[in-house]
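Structure record follows, encoded as structure tokens.
The values are calculated or read from the model by the stated rules, or taken from the named source; none is laboratory data. Just so you know, these numbers come straight off a predicted model, no measurement behind them. Positions of Cβ are generated from backbone atoms using ideal geometry, with glycine treated the same way; all protein chains shown enter the neighbour counts. For accessibility, only protein heavy atoms count, side chains too; no ligands or nucleic acids. Shrake-Rupley method; radii C 1.70, N 1.55, O 1.52, S 1.80 Å.
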Amino acid sequence: MAAIRVGKLGIETSALFLCDMQEKFRQRVAFFPEIVSFADRMLQGARILDIPILVSEQYPKGLGPTVPELGTSGMRKISKTCFTMMCPDLEREIESLPRLKSVILCGIETQACIMRLVS
């Protein structure tokens, strides 16, 4: 098996994608409190380093808002109904970040986002 080389993240060339951390998932997702705690640490780090943060919400009418303990109330949310973050609104946001080379992805169902990001 070939070794995988992981590069360095650059502050100027990275963004944090926070995927679908919504109220309705609280009772349905195993280890939700731990996922929220991890996402909160990632958000705090991104804020300190001034890394762009993009937040998605899957069908917020039905699944509710992003959980309040993440402190995203003043942030723009990308509302979507597809099972990936790569919807047209997010693609427009990415275009506004011309130096973007790396994405830090955290949240719920991130494997669907990864499959779309790499395809």
Starting from the Cα gyration tensor of the chain, multiply each eigenvalue by 5, take the square root, and state the resulting semi-axes largest first in whole Å. 22, 16, 16
Can you tell me the length gained on complete extension of the stretch L100 to A30, counting 0.36 nm per residue apart and subtracting the Cα distance? 22.0 nm
Correct response: the longest run of the chain lacking exposed trypsin sites (Lys or Arg not before Pro), defined by DSSP loop and at most 16 other Cβ within 10 Å, is 29-75
Cα-only Debye scattering, the range 52-114: base-10 log of I(q)/I(0) at q = 0.14, 0.15, 0.24, 0.27 Å⁻¹: -0.41, -0.47, -1.23, -1.47
Accessible area in square angstrom per residue, the range 1-67, 1.4 angstrom probe: 64
At what distance in nm do the modelled label points of E91 and R76 sit from each other, each positioned 7 Å from its Cα along Cα→Cβ? 1.7
Expressed in nm to one decimal, what extension gain is obtained for the pair E23 and E109 from 0.36 nm per residue of sequence separation less their Cα-Cα distance? 29.5 nm
Under the span-like rule (Cα at least 24 Å along the axis, Kyte-Doolittle mean at least 0.0), DSSP H helices of the chain: 32-49
